[in-house]
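The numbers here are math on the coordinates, done by the rules we state, and not lab data. Keep in mind that what you see is a predicted model, and the values were worked out from it rather than measured. Every residue, glycine among them, receives a Cβ derived from its backbone with ideal geometry; neighbour counts consider all protein chains shown.
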Amino acid sequence: MDLEEFLKNFKLIRLSEDHVLKPFNCGNVDLNDFFLNDSKAYQKQLLAVTYIIESDDETVAFFSLLNDKIVFETAKDGRKNFWNLLNRSIPNSKRTYSGYPAMKIGRLGVSSNFQGRDIGTLIIDYLKDLFITNNRTGCKFITVDAYKQSLNFYIRNGFQFLTDKDEDDETRLMYFNLSAML
């Protein structure tokens, strides 16, 4: 099943200032708090755009997107091969970039009532397809600062660690190279 098939029973909407948020609890206090208390402010300040999957009664899932870039300074610790491979894949005249455009998944949460149904994977697959087929600004990567409890989810969805520097942090910087799908 893809997201379009899943959405036959739900609605995917872009958050607006006047939208009334429906109940949401994904089991993560930070994600719940962002969605219920901060998502509209982030959108108003042009920091992130939040999309909501909802039923008539509740929020099924949400994800917030923002612009990002992968920079050499972040990737250079033990990942020099990554940067060399990346630079070789770019035409010679463009190899002087110190960073490459990305779209960041700022937040992604699935309601506890809907977890275990691969909704998160449906969202990731939808975003991968969207940024390949409808890429309006140029975007080579999808990035995420993944919570430790979500690392396996992102690995299963093809994401890799960008750096080893954050191994002891609460989140790890991960990326997915959209070029791999071309």
Inset, instruction - Could you work out how far apart the two model spin labels at Lys148 and Asp118 are, taking each label as a point 7 Å from the Cα in the direction of the beta carbon, and quote it in nm? - result: 3.0 nm
Legend entry - Long pairs among Lys8/Lys140; Lys40/Lys128; Lys11/Lys69; Lys44/Lys165; Lys104/Lys148, criterion Cα-Cα beyond 28 Å: Lys8/Lys140; Lys11/Lys69; Lys44/Lys165
Inset, instruction - Sum -39500 (n - 2.57) across every DSSP H segment of at least 4 residues in the chain, then divide by the residue count to get the 222 nm mean residue ellipticity, nearest 500. - result: -6500 deg cm²/dmol
Inset, instruction - Return the FRET efficiency for the residue pair Ile13, Val71: r is the Cβ-Cβ distance, R0 is 35 Å, and the value is rounded to the nearest 0.05. - result: 0.60
Legend entry - Listed peptides 40-49, 12-21 by packing density, highest first (mean Cβ within 10 Å): 40-49, 12-21
Legend entry - Highest-MSF residue in the chain out of Lys165, Lys140, Lys128 [GNM, Cα springs under 10 Å]: Lys165
Inset, instruction - Quick one: net charge around Ile105, please, counting Lys, Arg +1 and Asp, Glu -1 for every other residue with C-beta under 14 Å from its C-beta. - result: +1
Inset, instruction - For every other residue with a beta carbon closer than 11 angstrom to the beta carbon of Ile52, add +1 if it is Lys or Arg and -1 if Asp or Glu, then tell me the sum. - result: +1
Inset, instruction - Considering only Gly99, Gly116, Gly138, give the residue with the highest GNM mean-square fluctuation for the chain, with springs between Cα atoms whenever their separation is below 10 Å. - result: Gly116
